[in-house]
Amino acid sequence: MTELPYDADLMAAVTELGTALRALVDASVSTAVGPEELRAAAAEARRATALLEADRRPPGRLPPLDDPVAFRRVYSPVTGVGSAVAPPLTLRGDPAGGVRAEATLGLLYEGPPGYLHGGMSGLLMDHLLGAAAIHAGLWGMTAHLELDYRGPVPLGVPLVLRGWVERNAGRRTDVAGSIAAADAPDRVLVQATGIFVTPRAEKMDAYFATVTDAAGRHTPPGRPTDATAVQP
């Protein structure tokens, strides 16, 4: 399988819009302006929505910039440069083994006041563990994910997230990961363990039978995944 080329100008535009939307969402959950300003902002948001709705893709159709072979997913809610809700994380190889990412998360992800929502920890760890498997030359879908919350994860401070493979046997890969504050990386706040399983061919066919490329052609990718590439 060969990585597909992509439109660099389209990628730049998607990245620009994603950056602007993340700033808008961040402002929307932290603003203290009054009703008049909120209604004016809502009107601007509706105008932008109408502009983007001129051409929409249905579920199951890959965006033009996506390439599962290259693990390029521009709208991933964890790493997607075009996603309004992604931090977004940049995944890198960890000198200690596996993968790692750094992030400072804001009020968009708040659960208890001042702290990260526990469900967001699950989303981040599921992605990191999947990326760790891919980084090790393995691939699977999440079959089991377990989180041990050892302490609240603070918002507004640099965090370090890690994922690594513990063992592999056939189609099964056992992976682990953690979230910690960057200034105290050895004090784990969230510990995760997961089991990733490569589906059998017949299940792959059933799961992704309706996936098409950006032109709507029935060409299910040979390696469907929500993970993204690990940077050097």
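Rg/Rh for the chain: what does it come to with C-alpha atoms and Rh from Kirkwood?
Details: Rg = 19.0 Å, Rh = 19.2 Å.
Rg divided by Rh gives 0.99.
In sequence order, what are the phi-derived ³J(HN,Hα) couplings for region 185-200 according to the Karplus relation 6.51 cos²θ - 1.76 cosθ + 1.60 with θ = phi - 60°, rounded to whole Hz, with x for glycine and proline?
Here the 3J(HN,Hα) series is x, 8, 9, 6, 9, 9, 10, 10, 10, x, 10, 10, 10, 6, x, 5 Hz.
May I ask you to order 144-150, 66-72, 131-137, 34-40 by the average number of other C-beta atoms within 10 Å around their residues, highest value first?
Values: 144-150: 13.4, 66-72: 18.9, 131-137: 22.1, 34-40: 9.6.
Descending mean neighbour count gives 131-137, 66-72, 144-150, 34-40.
I need to check one value: relative contact order of region 72-165, counting alpha carbon pairs closer than 8 Å and at least 6 residues apart, in percent.
Numbers: 140 pairs, mean separation 29.1, N = 94.
Relative contact order, region 72-165: 31 percent.
Residues of the chain: accessible area per residue at 1.4 Å, in Å²? Intermediate results must be reported in sequence, preceding the final value.
On the way: 13000 Å² over 232 residues.
Per-residue accessible area for the chain comes out at 56 Å².
Considering Cα pairs under 8 angstrom that are at least six residues apart, work out the relative contact order of region 1-139 and quote it in whole percent. Can you show the working numbers first?
Details: 120 pairs, mean separation 31.1, N = 139.
Result for region 1-139 is 22 percent.
So if each residue of separation counts as 0.36 nm, and I subtract the Cα-Cα distance between Asp148 and Ala48, what length gain in nm does that give?
Details: separation 100, 0.36 × 100 = 36.00 nm, distance 4.07 nm.
Contour length minus the Cα-Cα distance gives 31.9 nm.
Which cross-chain or sequence-distant (5 or more) residues have an amide H under 5 Å from the amide H of Leu189, H modelled 1.01 Å from N in plane?
Here Ile179, Ala180, Ala181 satisfy the definition.
In whole Hz, with x marking every Gly and Pro, tabulate ³J(HN,Hα) for region 69-81 from phi via Karplus 6.51 cos²θ - 1.76 cosθ + 1.60, θ = phi - 60°.
4, 8, 6, 9, 10, 6, 10, 4, x, 10, 10, x, 5
Can you give the calculated 222 nm mean residue ellipticity of the chain, where each DSSP H run of n ≥ 4 adds -39,500 (n - 2.57) and the sum is split over every residue, rounded to the nearest 500 deg cm²/dmol?
Rounded to the nearest 500, the figure is -9500 deg cm²/dmol.
Using alpha-carbon pairs under 8 Å, 6+ residues apart, how would you state the relative contact order of region 133-232 in percent?
Values: 160 pairs, mean separation 27.1, N = 100.
Result for region 133-232 is 27 percent.
Could you please state how large a percent of the accessible area of region 124-213 is carbon and sulfur, counting protein chains only and using a 1.4 Å probe? Don't jump to the answer; show the numbers that get you there.
Details: 2310 of 4430 Å².
Carbon and sulfur atoms account for 52 percent of the accessible area of region 124-213.
Name the residues whose placed amide hydrogens come within less than 5 Å of the amide hydrogen of Ala143, ignoring near sequence neighbours (fewer than 5 apart) on the same chain.
Placed amide hydrogens put Ile195, Phe196, Val197 under 5 Å from Ala143.
At 0.36 nm per residue, and after removing the present C-alpha to C-alpha distance, how many nm does the segment from Arg56 to Ala229 gain when stretched out fully?
Details: separation 173, 0.36 × 173 = 62.28 nm, distance 2.55 nm.
Gain on extension, Arg56 to Ala229, equals 59.7 nm.
The values are calculated or read from the model by the stated rules, or taken from the named source; none is laboratory data. Here the structure is a predicted model, which is why all the values come from computation and not from measurement. Please note: Cβ atoms are built from the backbone with ideal geometry, for glycine as well, and neighbour counts cover all protein chains shown. The accessibility values were calculated without ligands, DNA or RNA, using every heavy atom of the protein model including side chains. Shrake-Rupley method; radii C 1.70, N 1.55, O 1.52, S 1.80 Å.
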